[in-house]
Structure formats: C-alpha cells, structure tokens
Amino acid sequence: MPQQFLAQGEQLQVPAIDFAAVLPILIVFGAASIGVLLEAFLPKHQRWSSQIALSLTGIVGAGIALAAYISDAPEGGITTFMAQGATTGAIAVDTPALFLWGTLLALGLASLLMIGDRSLEPGGAFISQAGLQSGGLQTREQANVTGMQTEIFPLTLFALGGMMTFVAANDLLTMFIALEVLSLPLYLMAGLARRRRLLSQEAAVKYFLLGAFASAFFLYGVALLYGYAGSVKLAEIAAATAGSSASDTLLYAGIGLVVVGLLFKGSVGPFHTWTPDVYQGAPTPVTGFMAACTKVAAFGGMLRVLTVAFEPASWEWEVPLWLIAVISMAIGAIFGLTQRDLKRMIAYSSIAHAGFLVVGAMTLTEDGLSSTLFYLLAYGFTTIAVFGVISLVRDANGEATDLSSWAGLAKRSPLVAGVFTFLLLALAGIPLTSGFIGKFAVFSAALADGNAALVVIALVASAVAAFFYLRVVVLMYFSEPAAEGPAVTVPGAFTTAAITLGTAATLVLGIVPAFALNWASAGGFVP
C-alpha cells in the first residue's frame, strides 16, 4: 500500500511469511518469471535449450525444496502469509497440500518433458509463429519449420504455480486468484498446436468460455458467502455455518455456486461442456498436462473447501453431489462407448473418473481424504503416459487418433501396443495397476461411510467404461493393420522418459501402494 493511503501515524503491515514452507511455489513462479525474461532477451536459436533447462531445473529445485521441508515439517501443518493480528494465513501448508504439491511437481515434470520434445515433429507439437492466420499458405509451410513458440515453457510454469497455490489456498479470495493464474496460461496453450490449427484455436476459445463460466460461478459464490459469514476465510465460514443468524439462503446459494465453479474446472458431468472438444483440439502434450494436473488442482481445492469450510453444512450438499457423481459416471461411461477418436474417448473417460473422485471427495472421513489423494496421484501418472503413447501413432497429417488407425497396432509395434494395453487396463481398474488400488480405496471409504448404493452405481459404471477400453485392446491385437496405415514413430528421449515415468508409477502404485497411501493419510487439513 503506498504511503499516501496510510493514515497519519499508521505503519505498513507486512504479513508474516514462512519462506521455507512456501519455497516450492516461489521457485516455480521465479523460474516462470525468468523464462519470460529469456523470451525477451535471448535470440530465437538459444531459447529452446535455455527454456527447457530452466524449466526442468525449476521443477526439480522445487521438488528438492519440498522434500527438505517435509523432513522437518511441523505436525498438523501451518498457515502462512498471515496479516498482523490474524489467526490464520492465506496459504495452508499441511499434509494434503504437501502431498498435492509433490503430485503436481511430478506430473508437471512428465508433462514438461512431453512439451519440450521435438523428435515427433520437426519443431515440436507447437506452432512456430502463433500469429499466423489459420488455413493460409504460411500455416501449411510452418508445419515443417523446426522452430516453436518457446513461450510455452513459462506458461506451463505459471499454470503449475497457480495449481500449487490453488490446492493450498486457505481463503476463497486467494483461491480465486490462483484459479485465474492456473487457467489463463492454459487458454493460450490450448491454441498453439502446430497441426490442425482451426481445431486447436476452437479448443482454446471453448476452454476460455468454459473457464469463464467456472470463474463467474466461483466468484459470485464467494460474494454470497462473504455476505453470509463476513469473511472469505475457510475456517471463519465454517464457524459461521455452525452458528450464525444470517440468512441460510446466502449460505446455500454460495456453497452451490462455489462448488459448481470447482466442478466446471474438474470437468465433472454435467458441467463438462466442451471438455471432449478441448481434449481433441489442444496439442497432445498440453492435453496430457490439463487432463492430469488440472484434475489434481480442481479436486485438491474441492477437498479443502468441502472439508474445512462446508463440513458443518454437509447435510445440505451431500445429496446434490451424490446425484452429480452418478450423472458424471453415467455420461463418461455411456458417451465414451460411441467415440471414434481416442482423445475424445479419453476425455469421456476423465468425466467418468471425475465422478469416482466426487465419491471420494464427499466422503468426509480420513479414509475418504487419503483415498481421493491417492486416486489423483494414480490417475495423473496413467493419463500422462496415455497421451504420450497416443502421440506416437502418426500419419502424413500428424497424430492418427481415429480408432481405425490403431487396428493391428500389435503387429507393427508390440511394445507400444503392450504399454498402451497396460495403461488402458489401469484406467479400467484391473488388479495389479494403480487404477485398481485407487478405485478400491475410494469405494471402500465410501462404503464405510454408508454410501453403499453410490458404490454399487460406481461399480456398474466402471464395468461399462471397461468395455471401450477393451475395445481398443481387441482392435490392436485382433484386427489386421491397413496396408498403408499410420506408422509408429520412435520417440525421443523426453517423450520416452515421460511415458516410462507414467507407466512405471502405474505399475509400482498398483503393486506397492503403501508408501503413497501412508503419506496421504499422515494428517488432515489445517483447521
């Protein structure tokens, strides 16, 4: 606050900040800011190598800082960015936040490797000059140019930093700011595909509109909750909910609008509008980043809001969320059966998985929290690897995502077909995969909380969804490949590392999940 706005004799109040606790976020944002400066001052031929080195160093550095803090983290967690005289801070650093930070950094690292790869396309998956008009001669020519828009790297880091802030936000205003920081870069990233430019730009516009809906609902809900509780802090909203003379209409409307905003961001049916279009049109590395990391951020924020702020009013929102979970599972499972494009099929799969995650999020127990956190970790790694494999099957027009292009893939590339089969089985929830452990943990927690009917519906939806996963497996192994079908491109080191990391995590979490489950259940949210 400038000095002229202070009353006479009033001192500028600096919030108390535990820098060690928030160092991972600061490193990510710092690397993103330096990346912007590199774009401004480095010549074009030096930008890719500098940006990829800076981005990877930033994420690894943030991971090291996180590991160092976890070893000495206070039991029960802390809040920081605390104004003088306040009882709670704007950022909560507790076990769920630390777990989600680790998840986001690991998934962000794998996503960044895919984004930085230039082996599958001459200059990577991103257009060399974003200002080119779609459909023109220059647009067709740039498909073979080796340059790329390296602004994608700082945009990725800004989005990742926003996600980390979002899952740790301890008040709704900080959460809204973090929501915008994570969303705005993604709108730009979705429209930077090197090929199929019109489809990519359409995806960017639709994702922007979808994000605008989410932000509008969320912000209006924040205003109503402030009118009800006189505060935007989660703990104070919970205290007001437990005993306040204000109109309950403000409370219920505020809860509904805030949760709807989060459901939009998590692509939960029926608030999934245009999600399949965005998955299909965005560059595949960006689709993987959005599908994994945005889902983690949206449900991480939802868990905190439902548990910390809205738990005293759980009897009011449990039934609507119950219905939303059923609708989301049904939409994802049924509409996924009709898809011919792999990226759209995985989009409807994500809508079904969002319904499973809602089952865990509405289970306000320790097991419900830990199982949902584990599910986010498991689903994220599998999804990153799935999109990495999808990017390998290509024809003259780029990625061949139509199901017919994958017929007989096992005869052309047994290794790629085997890896993709394993990942699809993980999404279906087959034993010895992380998907099975995640579903088992979430459904067990919901069953123990008395939601037996919801668990039965979820099991039926899982069985239906398994059909379209197995359909792809049958197509790859029991169909004859076309005479001049798409080829399987040998991936570079970056894409290979991303697929290997995702596949290995899917296997390890399916066989020995104890470490992740124990960490997820080590503590709850800061009250």
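Coordinate-derived values only; no laboratory data. What you are looking at is a predicted structure, and each value in this text was computed from that prediction instead of being measured. In this analysis, Cβ positions are derived from the backbone assuming ideal geometry, glycine residues included, and neighbour counts consider all displayed protein chains.
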Determine if the range 320-328 includes at least one residue that is among the aliphatic types (A, V, I, L, M) and touching a His at 6+ places or on another chain (Cβ under 9 Å).
-> no
Apart from one, (1) of a type in the set (A, V, I, L, M, F, W, C); (2) out of contact with any Lys or Arg (no Cβ under 8 Å at 6 or more places or on another chain); (3) surrounded by fewer than 24 Cβ atoms within 10 Å (Cβ to Cβ) all hold for Trp274; the odd one out is (2)
Scanning for something in contact with a helix residue (DSSP H, G or I) (Cβ under 9 Å, 6 or more places away or on another chain), assigned to a loop (DSSP other than H, G, I, E, B) and either over 22 Å from Ala291 (Cα atoms) or not aromatic (Phe, Trp, Tyr) (or both), does the range 372-395 turn up at least one residue?
-> yes
Looking at (1) at negative phi; (2) under 14 Å from the mean Cα position of the chain (by Cα), which is the one condition that is false for Pro312?
-> (2)
Take Leu423 and decide whether it is closer than 17 Å to Leu342 by Cα, touching a residue at least 12 places away in the same chain (Cβ under 8 Å) and surrounded by 22 or more Cβ atoms within 10 Å (Cβ to Cβ).
-> yes
Quick count over the range 426-441, residues being under 12 Å from Ala466 (Cα atoms), among the hydrophobic types (A, V, I, L, M, F, W, C) and surrounded by 21 or more Cβ atoms within 10 Å (Cβ to Cβ), is 3
Scanning the range 237-254 for residues that are surrounded by fewer than 19 Cβ atoms within 10 Å (Cβ to Cβ) and either in contact with a Cys (Cβ under 7 Å, 6 or more places away or on another chain) or touching a residue at least 60 places away in the same chain (Cβ under 8 Å) (or both), which turns out nearest to Ala86 (Cα to Cα)?
-> Ala238
Tell me which of these Ala168 doesn't satisfy, since it passes every other one: (1) crowded, with 23+ Cβ neighbours inside 10 Å; (2) farther than 29 Å from Leu109 by Cβ.
-> (2)
Sort through Ala67, Ala90 and tell me the only one that's without any contact (Cβ under 8 Å) to a residue 40 or more places away in the chain, under 22 Å from Ala169 (Cα atoms) and not charged (D, E, K, R).
-> Ala67
